[in-house]
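A short write-up of the structure that comes next.
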Amino acid sequence: MALIFSALFPSVQNFLASLLPSGPITDPVAIFLIIMAIMLVAPLLFERLRLPGIVGLILAGVLVGPHGFGLLERDSTIVLLGTVGLLFLMFMAGLETSLDDLKYNANKAIVFGLTTFGVPMVLGVAAMVLLGYSWLAAVLVASCFASHTLLALPIASKLGIMRSSAVTTTLGGTLITNVLALLVLAIVVRAHQGDLTLQFWLFLIPSLALYTFATLWGVPKLGRWFFRRFGHDEGAEFTFVVATLFVVSYLARLIEIEPIIGAFLAGIAITQLIPQLSPLMNRIQFIGNTLFVPFFLISVGMLVNPLILLQEPRSLLVSAVMVGVAIVAKLLPAWGSGKLFRFDSSSIMVMFGLSVAQAASTLAAITVAYNIQLVDQLTVNGTIAMILVTCLASPWITARWGQSMKPSPRPKATATVSQAPPQYRILVPVANPSTEDNLLQLALILAKSTEGTLLPLHVLIDPYTPIPPEAKLQQMRLLAAAETIAHAAVTKVEPIGRVDDSIDKGILRTAQEHDANLIICGWKGYSTYRDNFFGSVIDNVARRTPVPMLITRFVHPIESTQRVFLALSDQEPIEVIQQTLVLTRTLATELKASLQVLQVVSRSRLNTLPEIPGLDEDTPVQRVQGNFVDQVSRILQLDDLLVLPHNAQPELRGMPTLGMAPEALARQHPDVSIIVAHFPLQYAS
């Protein structure tokens, strides 16, 4: 059969070549047009066939490349864009990896990470040496087996098993095995170049340690400073992230390790600053997944020579061995670790399904190895076959056995109120685009986390005379800007322009007419005597709102938050605490910040106060006695996001609507962002 295909393929190739231009296309417009057409058609076609789009891009690269129909040459431009795509691929792999994953089931993650690295290395080296590979080539190919890509992670998220012990163990293990595999790559490359000397080790170990520390510690520090200073400029934020990627990658080359290791570490460092559901994260993933990474995949396909697979029987053997070793080498660690941790069979198979996929790190490593001529096209072909099989198996295995796992139970709580946040319809009054950015970012995080809807509102006050055209135009611009931000975050949005007697009446009426279940407003941090007696817009809305409100004062961009700090008194109703905790937990998760709780109690209630309802067991809680404002002020830090629950009280003219504590804290800490979670009177029942 192989002989028949090997005889037919050149004939088909020659026939089609006669219909195409002789020689590679050199016109830049035509080259870019072909590549854009591939990026559009190939993923859509293969996804219709229920195959990963990544496979379609690689195979399209085979067809148009020098070993296919020769439409495109793998010239310096393709290599340049492919290198950028390679760095972006590793950068986004780092963005999906969090150091916080090791906090959960840390011991299990370490055991699984080491076994899912060690077993593939041993089996891979043995298999490739038996096939006649040199020791260096065998070690490098084995490192490809050791690394993996969490291709099926979105499936685990949809099944509600992300917090299960099996998934968190796999997440932590992924960080360990990928870092070790990339280190093996760096060492093998140096050994192949003849530079693996004592001097290399004396230089590599301290420089790599210093480089890793500077990246994981210095980049977040620099990023927070940059976002505080220039967080209002979306273009500057994106440029800073991309510049960070290439600076860190270039510095990796200066200490003589592969730039893809720097790109991976840059992703791990920068992911601490960017909320997962933010427009900035969406832009990074959009640009990477739709432009740069497809360039890399197409360039990888252009390396593949299908004739070798048809004409050389050994190529089929190499492909079969690589596929078999990849599957066995990931199944054994999942099974052994799962049995050790006493996981059930479904959990073990989910660990295997998540860890079996070979894509990002594998493609990166094999491309580097081919470029330095450590492996040949037989190995590249075998790698493509391995990627195809594992990328098909991983989602199917995860979905098949993930359905048999029970969704992760929440930690025990003393209240019976639902822990899940509602599907938010969030009303956000907008007046000034330069000051409303944080309000919209907060609303988008909450709305997108529940697949909810953003309702940006702008109210024009009816002066009983015709409204000036300039005011209407300003309203349209403000709502259009808010709509653009929502679309950038892929969130449902319903912009609302309104004419009403007053701003507060417009907000309240809109909330009822459009079924809003949360209102987010900005706050200056204090109220005047006039506000207390006659009511400001915030006061009037807070006194009459039928739905909860988040009254916010942001002094820094919300993405610079390091800690969400929830401060409670012993007078808060259980329902208010419960609802506030749902909000703060969502914020802490999406902002990738830590959550800390402080409860200030009176001496008489210190031993009788029940546990905080719905609180995770691993959330740090402090209980202290004394003055509420003093105790909270003592613990507050820069880059904290302070959350204060407040339940509406019977109206007392002359007193701040939000109470004395929020204003006192806002005045004492002008550099700390504050959210007052205000709930209507019915929440006191």
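The values are calculated or read from the model by the stated rules, or taken from the named source; none is laboratory data. This structure is a prediction, so every number in the text was calculated from the model and none was measured. All Cβ positions, even for glycine, are placed from backbone atoms using ideal geometry, and neighbour counts span all protein chains on display.
When Pro275 is tested against (1) buried (at least 17 other Cβ atoms within 10 Å of the Cβ); (2) at pLDDT below 85; (3) assigned to a helix (DSSP H, G or I), only condition (3) is not met. Please go through (1) of a type outside the set (Asp, Glu); (2) surrounded by fewer than 19 Cβ atoms within 10 Å (Cβ to Cβ); (3) in a loop (DSSP other than H, G, I, E, B); (4) modelled with pLDDT under 80 for Phe533 and return the number of the only condition it doesn't satisfy. The number of the failed condition is (3).
Test Thr383 against the stated conditions and say whether it is within 30 Å of Phe295 (Cβ to Cβ), out of contact with any Lys or Arg (no Cβ under 6 Å at 6 or more places or on another chain), surrounded by 24 or more Cβ atoms within 10 Å (Cβ to Cβ) and touching a residue at least 24 places away in the same chain (Cβ under 8 Å). Yes.
A quick yes/no check of all residues on (1) touching a His at 6+ places or on another chain (Cβ under 8 Å); (2) over 23 Å from Pro279 (Cβ atoms); (3) part of a strand (DSSP E or B):
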| site | (1), (2), (3) |
| --- | --- |
| Ile426 | no, no, yes |
| Leu446 | no, no, no |
| Glu451 | no, no, no |
| Pro466 | no, yes, no |
| Leu473 | no, yes, no |
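Of all residues in the range 325-354, those that are of a type outside the set (D, E, K, R), out of contact with any Pro (no Cβ under 8 Å at 6 or more places or on another chain) and over 12 Å from Pro120 (Cβ atoms) total 16. Can you confirm whether Leu280 is surrounded by fewer than 24 Cβ atoms within 10 Å (Cβ to Cβ) and either at pLDDT 80 or above or basic (Lys, Arg) (or both)? Spelling it out, Leu280 is indeed surrounded by fewer than 24 Cβ atoms within 10 Å (Cβ to Cβ) and either at pLDDT 80 or above or basic (Lys, Arg) (or both).
Among the residues of the range 355-373, those that are modelled with pLDDT under 85, part of a helix (DSSP H, G or I) and within 25 Å of the chain's Cα centre (by Cα) comprise Ala360, Ser361, Thr362, Leu363, Ala364, Ala365.
Only strands (runs of 3 or more DSSP E) whose full extent lies in the range 539-643 are considered here, and the ones with at least 2 residues that are under 22 Å from the mean Cα position of the chain (by Cα) and either at pLDDT 85 or above or surrounded by 17 or more Cβ atoms within 10 Å (Cβ to Cβ) (or both) are 563-569.
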